[in-house]
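Novice: One structure is given below, represented as structure tokens, and several questions about it will come after.
The values are calculated or read from the model by the stated rules, or taken from the named source; none is laboratory data. As the structure is a prediction and not an experimental result, all values here were calculated from the model. Methodologically, a virtual Cβ is constructed for each residue, glycine included, from the backbone with ideal geometry; neighbour enumeration extends over all protein chains shown. Quick note on the areas: whole protein, heavy atoms, side chains included, nothing else; ligands and nucleic acids left out. Shrake-Rupley method; radii C 1.70, N 1.55, O 1.52, S 1.80 Å.
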Amino acid sequence: MIYADAAAWRAAPEKRVLLFGMSGLGKTHLSNLLREGGGWFHYSVDYRIGTRYMGEHIADNFKREAMKVPLLRELLMTDSVYIASNITFDNLAPLSTYLGKPGDPARGGLPFAEYMQRQEQHRQAEIAALHDTGHFARRAQAIYGYPNFVCDSGGSICEVVNPEDPADPVLTALSQDTLMIWIEGSDAHTAELVRRFDRAPKPMYYQPAFLHAAWADYLAKTGAEEEAVDPDAFVRWTYARALAHRQPRYAAMAANWGLKVRAEDVARLRSPDDFTDLVAEALDRRA
């Protein structure tokens, strides 16, 4: 790790960290806290994916839908309107909407083959955005003078790396530029994430092998034909399994490449100094 112990971390004039863990456990909240406290540059991997690497896919999808409306079709064909994504750090809906859900097209579903194609686009985009982390850390200091840097990674980071491989190219690059910190949730957090997802199921990225197995199991369990699957029902059914699938991968990332802090401790942070103390305590425990 780039900080050998708590003393090295506290003394470092430039602090660089990457936060990882399930969506909803405080990565973006903590990143905003650090940025607003001053001296920290906030790099959002999901925002980078949705703008630099998948922005054209997202905008083209909007245009395809607009072309179905006669008035908008006419305006688009004459370059009279401009359609673009308004994605922000706090509103990633354009990205998740593009990823979509498989199933009945009458209920907003996609053919499974197209769904998997969009998943692959996201995989490539996420790897590229993660590789941009070091560039943005150096850019933040060289251009804007920020001494400290926080990378707010997506919940699916564990799906595009192999934490058990000491030569994993993405984790190797990230560990050279940042201290990787897992925000670990409790069983109560997991239950709340499942309840929250059940109320508003949203598209997510998963490993291809996991998705193919989940899709086959769901079709066998329900007896439904592919084009008759309720998209929301499928992603709800998949989500709890995804949490169980990701948990050991996050744990291996923390054990082999970084450290961990508890989500309840992150929720109590009120300033960048509090964060410095929390990381120092985690480094002491690891030592």
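Novice: Write down the radius of gyration of the stretch 102-145 and its Dmax, each obtained from C-alpha positions, in Å.
Specialist: Looking at the stretch 102-145, its Cα Rg and Dmax stand at 17.5, 51 Å.
Novice: Still on this structure, please answer the following. Taking Rh as the Kirkwood radius computed over C-alpha pairs, what is the Stokes-Einstein D of the stretch 1-152 at 37 °C in a medium of viscosity 0.692 mPa s, expressed in µm² per second?
Specialist: It diffuses with D of about 184 µm²/s by this estimate.
Novice: Taking springs between alpha-carbon atoms closer than 10 angstrom, which of 58, 157, 49 fluctuates most in the Gaussian network model of the chain?
Specialist: Maximum fluctuation in the GNM of the chain, among the listed residues, is at 58.
Novice: Still on this structure, I have one more. Looking at the chain, which longest stretch skips every one of the trypsin sites (Lys or Arg not before Pro) that is in a DSSP loop with at most 16 other Cβ atoms within 10 Å, leaving the sites themselves out?
Specialist: 69-267
Novice: Using a Gaussian network model of the chain with C-alpha springs under 10 Å, which one of 37, 223, 258 is most mobile by mean-square fluctuation?
Specialist: Comparing 37, 223, 258 in a Gaussian network model of the chain, the most mobile one is 223.
Novice: Still on this structure, I have one more. Taking the dipole about the Cα centre of the chain, with the C-beta of Lys and Arg at +1 and of Asp and Glu at -1, give me whichever of 13, 191, 81 is farthest to the positive side.
Specialist: Selected residue: 13.
Novice: So, one more: Counting Lys and Arg as +1 and Asp and Glu as -1, each charge on the Cβ, what is the dipole of the chain about the Cα centre in debye, to the nearest 20?
Specialist: 300 debye
Novice: With every protein chain present, what accessible area does residue 186 have (1.4 Å probe, heavy atoms only), rounded to the nearest 10 Å²?
Specialist: Looks like 40 Å² after rounding.
Novice: Right, something else. Which option, (i) 29; (ii) 52; (iii) 33, is the value of percent of Cα pairs over 32 Å apart that was calculated from these coordinates?
Specialist: Of the labelled values, this structure produces (i).
Novice: For the stretch 220-287, run through the GluC sites (Glu not before Pro) and keep only the ones in DSSP coil with at most 12 other Cβ atoms within 10 Å of their Cβ.
Specialist: Qualifying residues, ordered by number: 225.
Novice: Give me the 1.4 Å probe accessible area per residue for the stretch 1-157, excluding ligands and nucleic acids, in Å².
Specialist: Per residue, the stretch 1-157 has 48 Å² of solvent-accessible surface.
Novice: Run down the lysines and flag those whose C-alpha is under 27 Å from the C-alpha of residue 221, throwing out any fewer than 8 positions away in its chain.
Specialist: Straight-line reach from residue 221, under 27 Å: 101, 202.
Novice: Related question: Hey, if you put +1 on the Cβ of every Lys and Arg and -1 on every Asp and Glu Cβ in the stretch 7-140, which of 121, 54, 136 ends up farthest toward the positive end of that dipole?
Specialist: So the residue furthest toward the plus end is 136.
Novice: Next question, about the same structure. Report in % the part of the accessible area of the chain that belongs to carbon and sulfur, leaving out ligands and nucleic acids; probe 1.4 Å.
Specialist: Carbon-and-sulfur percentage of accessible area, whole number: 51.
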